[in-house]
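The values are calculated or read from the model by the stated rules, or taken from the named source; none is laboratory data. Keep in mind it's a predicted model, so treat the numbers as computed, not measured. For neighbour counting, all protein chains shown are included, and Cβ atoms are generated from backbone atoms with ideal geometry for every residue, glycine included. When the accessible area is computed, the model is the full protein with side chains, heavy atoms only, and any ligands, DNA or RNA have been set aside. Shrake-Rupley method; radii C 1.70, N 1.55, O 1.52, S 1.80 Å.
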Amino acid sequence: MTEKTSTTPLVSVVMPSLNQVQFLEAAVRSVLEQDYPHVELIVADGMSTDGSLELLMQLQAEYGERLRWTSQQDGGAAEALNHAIAQAHGDVVGWINSDDMYTQGAVARAMAHFEKHPKHQMVYGEGQHINVAGEVLANYPTKPPSTPLDVFADGSFICQPTVFMRREALAQVGELDASIKTAFDFDLFVRFFKRYPRQIGMVRRVQAFSRLHAACMTQRLRRQVALDGMRVVAKELGTVPEHWFWTHVDEMCASYPLGPDALPLVKQLEAFLKEASAYLKPEVLKGLIERLKADWRVRLATPELFVTVQPDAWANKQLTIKYRWQGKPAAAVLVRCNAPWPVPGKLRLKVQTPSGKVQRSVLDVPDDFVLRFEVPETTQSGCMVWTVETTQGFVPAKHDKASSDKRKLAFQVLELSTEDADGV
(Lines give C-alpha, C1' and ligand atoms only; values in the text may rest on other atoms or scores of the structure.)
Protein backbone atom coordinates (compact mmCIF):
# COMPACT_ATOMS: atom_id res chain seq x y z
CA MET A 1 0.00 0.00 0.00
CA THR A 2 1.25 3.47 -0.91
CA GLU A 3 1.57 5.62 2.20
CA LYS A 4 2.07 9.33 2.66
CA THR A 5 5.05 10.55 4.69
CA SER A 6 4.77 12.80 7.70
CA THR A 7 5.96 15.79 5.70
CA THR A 8 4.67 15.27 2.16
CA PRO A 9 0.97 14.55 1.54
CA LEU A 10 0.06 11.67 -0.75
CA VAL A 11 -1.84 12.54 -3.93
CA SER A 12 -4.21 9.91 -5.31
CA VAL A 13 -4.97 10.23 -9.02
CA VAL A 14 -7.96 8.28 -10.35
CA MET A 15 -8.28 7.30 -14.00
CA PRO A 16 -11.28 5.66 -15.70
CA SER A 17 -10.45 3.70 -18.84
CA LEU A 18 -12.17 1.60 -21.47
CA ASN A 19 -10.40 0.42 -24.63
CA GLN A 20 -7.94 3.33 -24.70
CA VAL A 21 -4.73 1.34 -25.18
CA GLN A 22 -3.62 3.82 -27.85
CA PHE A 23 -3.29 6.58 -25.24
CA LEU A 24 -3.17 4.71 -21.92
CA GLU A 25 0.60 4.42 -21.49
CA ALA A 26 1.20 8.12 -22.10
CA ALA A 27 -1.56 8.99 -19.61
CA VAL A 28 -0.17 6.66 -16.92
CA ARG A 29 3.41 7.88 -17.34
CA SER A 30 2.28 11.51 -17.21
CA VAL A 31 0.98 10.78 -13.70
CA LEU A 32 3.66 8.50 -12.28
CA GLU A 33 6.63 10.40 -13.71
CA GLN A 34 5.66 13.68 -12.07
CA ASP A 35 8.40 15.40 -10.06
CA TYR A 36 6.17 15.39 -6.96
CA PRO A 37 7.49 12.53 -4.77
CA HIS A 38 4.27 10.94 -3.48
CA VAL A 39 1.70 10.09 -6.16
CA GLU A 40 -0.37 6.95 -6.53
CA LEU A 41 -2.53 6.10 -9.55
CA ILE A 42 -5.72 4.06 -9.42
CA VAL A 43 -7.01 2.92 -12.82
CA ALA A 44 -10.64 1.79 -13.03
CA ASP A 45 -10.93 -0.23 -16.23
CA GLY A 46 -14.32 -1.20 -17.61
CA MET A 47 -13.36 -4.65 -19.01
CA SER A 48 -11.25 -3.48 -21.94
CA THR A 49 -10.60 -5.93 -24.76
CA ASP A 50 -7.97 -3.99 -26.74
CA GLY A 51 -4.80 -4.95 -24.87
CA SER A 52 -5.23 -2.39 -22.08
CA LEU A 53 -5.10 -5.03 -19.34
CA GLU A 54 -1.85 -6.52 -20.61
CA LEU A 55 -0.37 -3.01 -20.77
CA LEU A 56 -1.50 -2.26 -17.21
CA MET A 57 0.19 -5.45 -15.98
CA GLN A 58 3.43 -4.38 -17.65
CA LEU A 59 3.22 -0.90 -16.18
CA GLN A 60 2.40 -2.26 -12.73
CA ALA A 61 5.53 -4.40 -12.88
CA GLU A 62 7.47 -1.22 -13.59
CA TYR A 63 5.85 1.11 -11.07
CA GLY A 64 4.94 -1.36 -8.35
CA GLU A 65 2.48 -0.34 -5.64
CA ARG A 66 2.28 3.21 -6.99
CA LEU A 67 -0.05 1.83 -9.69
CA ARG A 68 -3.18 -0.07 -8.74
CA TRP A 69 -5.91 -1.11 -11.14
CA THR A 70 -9.10 -3.10 -11.39
CA SER A 71 -11.09 -4.27 -14.39
CA GLN A 72 -14.80 -4.88 -13.96
CA GLN A 73 -18.15 -4.10 -15.50
CA ASP A 74 -19.52 -0.74 -14.43
CA GLY A 75 -22.36 1.61 -15.23
CA GLY A 76 -20.12 4.14 -16.93
CA ALA A 77 -17.18 6.41 -16.18
CA ALA A 78 -18.80 8.13 -13.19
CA GLU A 79 -19.46 4.84 -11.44
CA ALA A 80 -15.91 3.67 -12.19
CA LEU A 81 -14.51 6.90 -10.77
CA ASN A 82 -16.55 6.57 -7.59
CA HIS A 83 -15.11 3.07 -7.08
CA ALA A 84 -11.58 4.36 -7.67
CA ILE A 85 -12.00 7.32 -5.31
CA ALA A 86 -13.19 4.94 -2.58
CA GLN A 87 -9.81 3.16 -2.88
CA ALA A 88 -7.75 6.36 -2.68
CA HIS A 89 -5.31 6.71 0.22
CA GLY A 90 -4.28 10.31 -0.40
CA ASP A 91 -5.41 13.54 1.22
CA VAL A 92 -5.79 15.06 -2.26
CA VAL A 93 -7.52 13.49 -5.25
CA GLY A 94 -6.75 14.24 -8.88
CA TRP A 95 -8.77 12.94 -11.81
CA ILE A 96 -7.47 12.38 -15.31
CA ASN A 97 -8.91 10.33 -18.15
CA SER A 98 -6.89 7.65 -19.91
CA ASP A 99 -6.61 9.69 -23.11
CA ASP A 100 -5.44 12.88 -21.35
CA MET A 101 -2.03 13.84 -19.91
CA TYR A 102 -0.61 15.96 -17.12
CA THR A 103 2.07 18.49 -17.92
CA GLN A 104 5.33 18.05 -16.01
CA GLY A 105 5.11 19.72 -12.61
CA ALA A 106 1.30 19.77 -12.54
CA VAL A 107 0.95 17.86 -9.27
CA ALA A 108 3.70 19.83 -7.52
CA ARG A 109 2.13 23.13 -8.55
CA ALA A 110 -1.30 22.03 -7.30
CA MET A 111 0.11 20.88 -3.96
CA ALA A 112 2.14 24.08 -3.57
CA HIS A 113 -1.12 25.98 -4.01
CA PHE A 114 -2.84 23.92 -1.30
CA GLU A 115 0.09 24.49 1.05
CA LYS A 116 -0.04 28.24 0.46
CA HIS A 117 -3.86 28.34 0.72
CA PRO A 118 -4.83 25.77 3.40
CA LYS A 119 -8.49 26.80 3.31
CA HIS A 120 -8.87 26.06 -0.41
CA GLN A 121 -10.75 22.85 -1.11
CA MET A 122 -10.22 22.57 -4.85
CA VAL A 123 -7.66 23.90 -7.30
CA TYR A 124 -7.66 23.79 -11.08
CA GLY A 125 -5.46 25.18 -13.82
CA GLU A 126 -5.31 26.06 -17.47
CA GLY A 127 -5.66 23.30 -20.03
CA GLN A 128 -5.12 22.72 -23.72
CA HIS A 129 -6.94 20.52 -26.22
CA ILE A 130 -4.70 18.17 -28.20
CA ASN A 131 -5.37 15.80 -31.10
CA VAL A 132 -4.55 12.12 -31.55
CA ALA A 133 -0.93 12.93 -32.34
CA GLY A 134 -0.57 15.12 -29.24
CA GLU A 135 -0.53 18.38 -31.19
CA VAL A 136 -2.09 21.38 -29.46
CA LEU A 137 -5.39 22.42 -31.03
CA ALA A 138 -6.53 25.24 -28.75
CA ASN A 139 -6.50 26.56 -25.21
CA TYR A 140 -9.39 25.47 -23.00
CA PRO A 141 -11.64 28.50 -22.25
CA THR A 142 -10.78 28.60 -18.55
CA LYS A 143 -12.14 31.29 -16.23
CA PRO A 144 -10.86 32.19 -12.74
CA PRO A 145 -12.52 31.04 -9.48
CA SER A 146 -13.83 34.58 -8.94
CA THR A 147 -16.24 33.99 -11.86
CA PRO A 148 -19.86 34.30 -10.62
CA LEU A 149 -21.67 31.02 -10.11
CA ASP A 150 -24.37 31.85 -12.66
CA VAL A 151 -21.75 31.89 -15.46
CA PHE A 152 -21.84 28.08 -15.21
CA ALA A 153 -25.20 28.40 -16.96
CA ASP A 154 -23.18 28.95 -20.14
CA GLY A 155 -21.17 25.76 -19.61
CA SER A 156 -18.16 24.55 -17.66
CA PHE A 157 -15.12 26.81 -17.63
CA ILE A 158 -12.95 24.23 -15.85
CA CYS A 159 -10.73 21.79 -17.75
CA GLN A 160 -11.45 18.54 -15.93
CA PRO A 161 -7.98 16.90 -15.88
CA THR A 162 -6.48 20.01 -14.27
CA VAL A 163 -8.59 19.57 -11.11
CA PHE A 164 -7.30 18.49 -7.68
CA MET A 165 -9.62 18.21 -4.66
CA ARG A 166 -9.13 17.66 -0.96
CA ARG A 167 -10.59 14.24 -0.27
CA GLU A 168 -12.51 15.40 2.80
CA ALA A 169 -14.14 18.19 0.77
CA LEU A 170 -15.03 15.71 -1.97
CA ALA A 171 -16.72 13.53 0.64
CA GLN A 172 -18.78 16.54 1.77
CA VAL A 173 -19.77 17.54 -1.77
CA GLY A 174 -20.77 13.98 -2.56
CA GLU A 175 -19.75 11.39 -5.12
CA LEU A 176 -20.14 11.78 -8.84
CA ASP A 177 -23.73 11.43 -10.06
CA ALA A 178 -23.63 8.19 -12.04
CA SER A 179 -27.09 8.86 -13.48
CA ILE A 180 -25.49 11.63 -15.56
CA LYS A 181 -23.69 9.87 -18.39
CA THR A 182 -21.47 12.64 -19.76
CA ALA A 183 -21.61 15.90 -17.76
CA PHE A 184 -20.92 14.43 -14.31
CA ASP A 185 -17.70 16.48 -14.06
CA PHE A 186 -19.64 19.68 -14.79
CA ASP A 187 -22.17 18.71 -12.12
CA LEU A 188 -19.41 18.09 -9.56
CA PHE A 189 -17.70 21.42 -10.24
CA VAL A 190 -20.93 23.39 -9.83
CA ARG A 191 -21.56 21.64 -6.53
CA PHE A 192 -18.02 22.46 -5.36
CA PHE A 193 -18.47 26.14 -6.24
CA LYS A 194 -21.82 26.23 -4.42
CA ARG A 195 -20.52 24.54 -1.26
CA TYR A 196 -17.10 26.22 -1.11
CA PRO A 197 -17.37 29.77 -2.43
CA ARG A 198 -14.06 31.65 -2.09
CA GLN A 199 -12.33 28.36 -1.24
CA ILE A 200 -11.35 27.35 -4.76
CA GLY A 201 -8.03 28.30 -6.32
CA MET A 202 -6.34 28.34 -9.70
CA VAL A 203 -2.85 27.58 -10.97
CA ARG A 204 -2.19 29.94 -13.87
CA ARG A 205 -0.15 27.42 -15.83
CA VAL A 206 -1.10 24.72 -18.33
CA GLN A 207 -1.71 21.77 -16.02
CA ALA A 208 -3.06 19.18 -18.43
CA PHE A 209 -3.78 18.25 -22.03
CA SER A 210 -7.34 17.16 -22.84
CA ARG A 211 -7.39 14.99 -25.93
CA LEU A 212 -10.08 15.30 -28.60
CA HIS A 213 -10.60 12.35 -30.93
CA ALA A 214 -13.47 10.51 -32.60
CA ALA A 215 -13.88 7.95 -29.81
CA CYS A 216 -13.80 10.34 -26.84
CA MET A 217 -17.05 10.90 -24.98
CA THR A 218 -17.48 14.59 -25.76
CA GLN A 219 -17.12 13.94 -29.49
CA ARG A 220 -19.02 10.64 -29.69
CA LEU A 221 -22.07 11.55 -27.60
CA ARG A 222 -22.77 15.14 -28.59
CA ARG A 223 -26.53 14.89 -28.09
CA GLN A 224 -26.17 13.31 -24.66
CA VAL A 225 -23.57 15.93 -23.71
CA ALA A 226 -26.02 18.71 -24.58
CA LEU A 227 -28.92 17.12 -22.70
CA ASP A 228 -26.79 16.32 -19.63
CA GLY A 229 -25.43 19.86 -19.57
CA MET A 230 -28.96 21.26 -19.66
CA ARG A 231 -29.96 18.87 -16.88
CA VAL A 232 -27.11 20.06 -14.64
CA VAL A 233 -27.89 23.73 -15.23
CA ALA A 234 -31.61 23.16 -14.57
CA LYS A 235 -30.88 21.19 -11.38
CA GLU A 236 -28.21 23.45 -9.89
CA LEU A 237 -28.93 26.91 -11.32
CA GLY A 238 -32.58 26.87 -12.33
CA THR A 239 -32.71 28.57 -15.75
CA VAL A 240 -31.23 26.98 -18.86
CA PRO A 241 -30.14 29.48 -21.53
CA GLU A 242 -31.50 28.55 -24.94
CA HIS A 243 -28.01 28.58 -26.47
CA TRP A 244 -27.62 25.02 -25.13
CA PHE A 245 -30.36 24.01 -27.55
CA TRP A 246 -29.11 26.02 -30.53
CA THR A 247 -25.51 24.92 -30.12
CA HIS A 248 -26.55 21.30 -30.53
CA VAL A 249 -28.87 22.18 -33.44
CA ASP A 250 -25.84 23.75 -35.14
CA GLU A 251 -23.85 20.56 -34.47
CA MET A 252 -26.63 18.43 -35.94
CA CYS A 253 -26.73 20.61 -39.03
CA ALA A 254 -22.94 20.46 -39.37
CA SER A 255 -22.98 16.64 -39.60
CA TYR A 256 -26.25 16.09 -41.48
CA PRO A 257 -26.86 14.00 -43.61
CA LEU A 258 -23.42 12.40 -43.34
CA GLY A 259 -23.58 11.65 -39.62
CA PRO A 260 -24.35 8.33 -37.94
CA ASP A 261 -28.06 9.11 -37.40
CA ALA A 262 -29.97 8.08 -40.54
CA LEU A 263 -33.24 9.73 -39.49
CA PRO A 264 -34.39 12.84 -41.42
CA LEU A 265 -33.18 16.05 -39.80
CA VAL A 266 -36.66 17.12 -38.74
CA LYS A 267 -37.14 13.79 -36.93
CA GLN A 268 -33.79 14.17 -35.16
CA LEU A 269 -34.76 17.69 -34.10
CA GLU A 270 -38.17 16.56 -32.85
CA ALA A 271 -36.55 13.87 -30.71
CA PHE A 272 -33.98 16.30 -29.30
CA LEU A 273 -36.65 18.94 -28.64
CA LYS A 274 -38.80 16.40 -26.80
CA GLU A 275 -35.92 15.43 -24.48
CA ALA A 276 -34.72 19.02 -24.00
CA SER A 277 -38.23 20.21 -23.10
CA ALA A 278 -37.79 18.80 -19.59
CA TYR A 279 -35.19 21.50 -18.89
CA LEU A 280 -36.70 24.51 -20.68
CA LYS A 281 -39.39 26.92 -19.55
CA PRO A 282 -42.66 26.64 -21.52
CA GLU A 283 -42.35 30.12 -23.02
CA VAL A 284 -38.77 29.42 -24.13
CA LEU A 285 -39.83 26.09 -25.60
CA LYS A 286 -42.62 27.75 -27.58
CA GLY A 287 -40.19 30.28 -29.02
CA LEU A 288 -37.73 27.55 -30.02
CA ILE A 289 -40.44 25.66 -31.89
CA GLU A 290 -41.41 28.77 -33.84
CA ARG A 291 -37.80 29.53 -34.74
CA LEU A 292 -37.23 25.95 -35.89
CA LYS A 293 -40.26 26.15 -38.17
CA ALA A 294 -38.78 29.26 -39.79
CA ASP A 295 -35.19 27.92 -39.98
CA TRP A 296 -34.25 27.46 -43.64
CA ARG A 297 -31.64 24.84 -42.77
CA VAL A 298 -34.49 22.63 -41.63
CA ARG A 299 -36.92 23.68 -44.35
CA LEU A 300 -34.45 22.89 -47.13
CA ALA A 301 -33.12 19.61 -45.72
CA THR A 302 -34.20 16.29 -47.21
CA PRO A 303 -33.14 12.77 -46.17
CA GLU A 304 -30.45 13.02 -48.88
CA LEU A 305 -29.56 16.71 -49.12
CA PHE A 306 -28.37 19.52 -46.90
CA VAL A 307 -26.99 22.99 -47.59
CA THR A 308 -25.14 25.11 -45.03
CA VAL A 309 -27.14 28.30 -45.30
CA GLN A 310 -27.82 30.54 -42.33
CA PRO A 311 -31.21 30.20 -40.64
CA ASP A 312 -32.67 32.96 -42.86
CA ALA A 313 -31.55 31.16 -46.07
CA TRP A 314 -28.64 33.51 -46.82
CA ALA A 315 -25.16 32.33 -47.76
CA ASN A 316 -22.12 34.49 -47.23
CA LYS A 317 -18.57 33.66 -48.33
CA GLN A 318 -18.85 29.88 -48.50
CA LEU A 319 -21.62 27.36 -48.98
CA THR A 320 -21.45 23.57 -48.66
CA ILE A 321 -23.86 21.18 -50.39
CA LYS A 322 -23.95 17.63 -49.01
CA TYR A 323 -25.56 14.68 -50.79
CA ARG A 324 -25.92 11.14 -49.45
CA TRP A 325 -27.71 8.36 -51.31
CA GLN A 326 -28.56 4.69 -51.02
CA GLY A 327 -28.35 2.53 -54.12
CA LYS A 328 -28.17 4.36 -57.43
CA PRO A 329 -27.59 8.12 -57.16
CA ALA A 330 -29.28 10.91 -59.08
CA ALA A 331 -27.60 12.35 -62.15
CA ALA A 332 -27.28 15.79 -60.57
CA VAL A 333 -28.09 17.93 -57.54
CA LEU A 334 -29.92 21.19 -58.20
CA VAL A 335 -29.77 24.27 -55.95
CA ARG A 336 -32.19 27.07 -56.78
CA CYS A 337 -30.89 30.43 -55.60
CA ASN A 338 -31.75 34.12 -55.54
CA ALA A 339 -29.50 37.17 -55.16
CA PRO A 340 -31.78 40.11 -54.23
CA TRP A 341 -29.05 42.71 -53.75
CA PRO A 342 -30.16 46.31 -53.24
CA VAL A 343 -27.87 47.34 -56.13
CA PRO A 344 -26.91 45.46 -59.33
CA GLY A 345 -23.57 43.73 -59.47
CA LYS A 346 -21.58 40.65 -60.47
CA LEU A 347 -21.45 37.42 -58.47
CA ARG A 348 -18.34 35.34 -59.14
CA LEU A 349 -18.64 31.75 -57.94
CA LYS A 350 -15.89 29.17 -57.49
CA VAL A 351 -17.13 25.59 -57.07
CA GLN A 352 -14.91 22.86 -55.60
CA THR A 353 -16.13 19.45 -56.81
CA PRO A 354 -15.71 16.15 -54.91
CA SER A 355 -12.99 15.17 -57.39
CA GLY A 356 -11.02 18.31 -56.56
CA LYS A 357 -11.77 20.15 -59.81
CA VAL A 358 -12.59 23.86 -59.66
CA GLN A 359 -15.37 25.39 -61.75
CA ARG A 360 -15.93 29.14 -62.07
CA SER A 361 -18.89 31.22 -63.22
CA VAL A 362 -19.99 34.86 -63.25
CA LEU A 363 -23.63 35.86 -62.71
CA ASP A 364 -25.54 39.14 -62.92
CA VAL A 365 -27.46 40.17 -59.82
CA PRO A 366 -30.09 40.71 -58.65
CA ASP A 367 -31.29 37.57 -60.40
CA ASP A 368 -32.51 34.01 -59.82
CA PHE A 369 -30.19 31.18 -60.82
CA VAL A 370 -29.79 27.42 -60.46
CA LEU A 371 -26.56 25.68 -59.53
CA ARG A 372 -26.26 22.20 -61.06
CA PHE A 373 -23.82 19.69 -59.60
CA GLU A 374 -23.26 16.55 -61.64
CA VAL A 375 -22.97 13.21 -59.82
CA PRO A 376 -20.63 10.63 -61.42
CA GLU A 377 -22.27 7.37 -62.39
CA THR A 378 -22.06 4.70 -59.70
CA THR A 379 -24.24 1.89 -58.38
CA GLN A 380 -22.97 2.06 -54.81
CA SER A 381 -24.29 3.99 -51.85
CA GLY A 382 -22.18 6.95 -50.93
CA CYS A 383 -21.87 10.66 -50.28
CA MET A 384 -20.52 13.76 -52.01
CA VAL A 385 -19.75 17.29 -50.92
CA TRP A 386 -19.44 20.45 -53.00
CA THR A 387 -18.31 23.86 -51.79
CA VAL A 388 -19.22 27.19 -53.38
CA GLU A 389 -17.13 30.27 -52.61
CA THR A 390 -17.55 33.94 -53.49
CA THR A 391 -16.09 37.23 -52.31
CA GLN A 392 -18.97 39.35 -53.61
CA GLY A 393 -21.99 40.42 -51.61
CA PHE A 394 -23.56 43.29 -49.70
CA VAL A 395 -23.94 44.36 -46.07
CA PRO A 396 -27.59 45.16 -45.19
CA ALA A 397 -26.64 47.80 -42.59
CA LYS A 398 -24.80 49.81 -45.26
CA HIS A 399 -27.92 50.09 -47.41
CA ASP A 400 -30.63 50.39 -44.76
CA LYS A 401 -30.14 52.75 -41.80
CA ALA A 402 -32.78 50.84 -39.85
CA SER A 403 -30.83 47.57 -40.18
CA SER A 404 -28.25 46.36 -37.64
CA ASP A 405 -27.28 43.40 -39.83
CA LYS A 406 -23.56 43.72 -40.58
CA ARG A 407 -23.19 40.35 -42.30
CA LYS A 408 -21.81 40.26 -45.83
CA LEU A 409 -24.48 38.36 -47.73
CA ALA A 410 -24.02 36.74 -51.16
CA PHE A 411 -27.21 34.93 -52.15
CA GLN A 412 -30.19 32.96 -50.82
CA VAL A 413 -30.93 29.28 -51.31
CA LEU A 414 -34.61 28.62 -51.95
CA GLU A 415 -34.80 24.96 -52.97
CA LEU A 416 -32.81 21.72 -53.11
CA SER A 417 -33.63 18.87 -55.47
CA THR A 418 -32.13 16.06 -57.52
CA GLU A 419 -32.31 15.37 -61.25
CA ASP A 420 -32.54 11.88 -62.72
CA ALA A 421 -30.73 10.78 -65.87
CA ASP A 422 -33.75 11.68 -68.01
CA GLY A 423 -33.73 15.26 -66.67
CA VAL A 424 -36.57 14.85 -64.15
Practice problem: Quick one: work out Rg over Rh on the C-alpha atoms of the stretch 324-385, Rh as Kirkwood radius. | Solution: 1.08
Quiz item: Under a point spin-label approximation (7 Å from Cα along Cα-to-Cβ), what is the residue 224-residue 143 distance to one decimal in nm?
Solution: 2.7
Self-check item: Net lengthening on full extension, residue 398/residue 380 (0.36 nm per residue, minus Cα-Cα)
Solution: 1.6 nm
Quiz item: Pairing the Cα long axis of helix 77-86 with the longest principal axis of the chain, what angle in degrees results, from 0 to 90 and rounded to the nearest 10?
Solution: 10
Quiz item: Angle, helix 106-116 long axis vs. longest principal axis of the chain, Cα atoms, 0 to 90°, nearest 10?
Solution: 60
Quiz item: Once the Cα gyration tensor of the stretch 1-127 is diagonalised, what are the square roots of 5 times its eigenvalues, in whole Å and ordered largest first, as equivalent ellipsoid semi-axes?
Solution: 24, 15, 14
Quiz item: From the Cα gyration tensor of the stretch 86-188, with a ≥ b ≥ c the square roots of its eigenvalues, which class applies: rounded if a/c is under 1.5, or else prolate if a/b is larger than b/c, or else oblate?
Solution: rounded
Practice problem: Give, as ranges by residue number, the residues of the stretch 171-200 whose backbone N falls under 12 Å from the point 7 Å along Cα→Cβ of residue 117. | Solution: 197-200
Quiz item: So what's the convex hull volume per residue for the Cα atoms of the stretch 376-424, in Å³?
Solution: 140
Exercise. Find, among the GluC sites (Glu not before Pro) in the stretch 1-83, those assigned to loop by DSSP (not H, G, I, E, B) with at most 12 other beta-carbon atoms within 10 angstrom.
Key: 3, 33
Practice problem: Calculate, axis by axis, the spread of Cα positions in the chain along the three principal axes, and write the results as whole Å, longest axis first. | Solution: 81, 52, 36
Quiz prompt | Protein-only accessible surface order, largest first, of 151, 240, 266 at 1.4 Å | solution = 266, 151, 240
Quiz item: Using alpha carbons only, what's the Rg to Rh ratio of the stretch 221-269 with Rh from Kirkwood?
Solution: 1.04
Self-check item: DSSP bridge pairs, the chain: antiparallel proportion in percent, nearest 5
Solution: 65
Practice problem: Multiply the residue gap between residue 58 and residue 408 by 0.36 nm, knock off their C-alpha separation, and tell me the result in nm, one decimal place. | Solution: 120.1 nm
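Please give me, ordered by residue number, the trypsin sites (Lys or Arg not before Pro) of the stretch 284-336 that lie in loop per DSSP and have at most 12 other Cβ atoms within 10 Å.
Counting only loop positions with at most 12 other Cβ atoms within 10 Å, none of the trypsin sites (Lys or Arg not before Pro) in the stretch 284-336 qualifies.
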Quiz item: Once both axes come from the Cα atoms, what is the angle between helix 52-63 and the longest principal axis of the chain, in degrees from 0 to 90, rounded to 10?
Solution: 40
Exercise. Compute, for residue 213, the solvent-accessible surface of its heavy atoms (probe 1.4 Å) with the complete set of protein chains present, and express it in square angstrom to the nearest 10.
Key: 20
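How high is the relative contact order of the stretch 1-150? Use alpha-carbon pairs under 8 Å, at least six apart in sequence, and give a whole percent.
Relative contact order comes out at 29 percent.
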Quiz prompt | Accessible surface, per residue, of the chain when the full set of protein chains is kept, probe 1.4 Å, Å² | solution = 48
Quiz prompt | Accessible surface of the chain [probe 1.4 Å, protein heavy atoms]: carbon and sulfur percent | solution = 52
Quiz item: Counting only the heavy atoms of the protein chains, how much of residue 296 is accessible to a 1.4 Å probe, in Å² to the nearest 10?
Solution: 60
Quiz prompt | the stretch 146-171 and the stretch 12-29: distance between their alpha carbon centers, rounded to Å | solution = 22
Quiz item: Taking a 1.4 Å probe, which of 47, 15 shows the most accessible area, and what order do the others take after it?
Solution: 47, 15
Quiz item: If all Cα-Cα distances of the stretch 108-249 are sorted into 5 Å bins from 0 onward, what percent lands in each bin, rounded to whole numbers?
Solution: 2, 10, 18, 21, 22, 16, 9, 3, 0, 0
Practice problem: Arrange the peptides 230-237, 325-332 so that the one whose residues have, on average, the most other Cβ atoms within 10 Å appears first. | Solution: 230-237, 325-332
